[in-house]
Amino acid sequence: MDENEVLTIRQVSEKLQIAVPTLYVMARKGEIPCTRIGGSIRFRQRDIDEWLDAHTAKETPGIEDRKVNN
């Protein structure tokens with residue numbers, strides 16, 4: 001995928017598995033990088049990748065102690 005690709009809110013929603021209304025709120029609050037083109041919100045793939053890297057936990061304390069119930 002091209003890092004300069006411009007994504008719609010629906011595309012980002014699918015990629016990040018975040019509901020569209022939640023993304024609108026996050027965008028309005030400046031919690032996720034986006035730009036407005038006309039009346040539409042758009043996201044650059046590069047910005048989303050960087051944002052995701054910055055918000056990905058390197059370690060999750062206690063995760064190895066959790067047991068999965070089958």
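The values are calculated or read from the model by the stated rules, or taken from the named source; none is laboratory data. Quantities reported herein were computed from a predicted structural model and do not represent experimental measurements. All Cβ positions, even for glycine, are placed from backbone atoms using ideal geometry, and neighbour counts span all protein chains on display. Remember, those area values only see protein heavy atoms, side chains included, never the ligands or the DNA or RNA. Shrake-Rupley method; radii C 1.70, N 1.55, O 1.52, S 1.80 Å.
Observations
- Answer residue from region 10-33, given it is in contact (Cβ under 8 Å) with a residue 12 or more places away in the chain and part of a loop (DSSP other than H, G, I, E, B) and is surrounded by the most Cβ atoms within 10 Å (Cβ to Cβ) among those: I32
- Screening E5 against (1) charged (D, E, K, R); (2) at pLDDT 95 or above; (3) open to solvent by less than 80 Å² (accessible area, probe 1.4 Å) leaves a single unmet condition, (2).
- Taking the criterion of being open to solvent by less than 40 Å² (accessible area, probe 1.4 Å) and in a loop (DSSP other than H, G, I, E, B), the only residue of region 34-63 that qualifies is G62.
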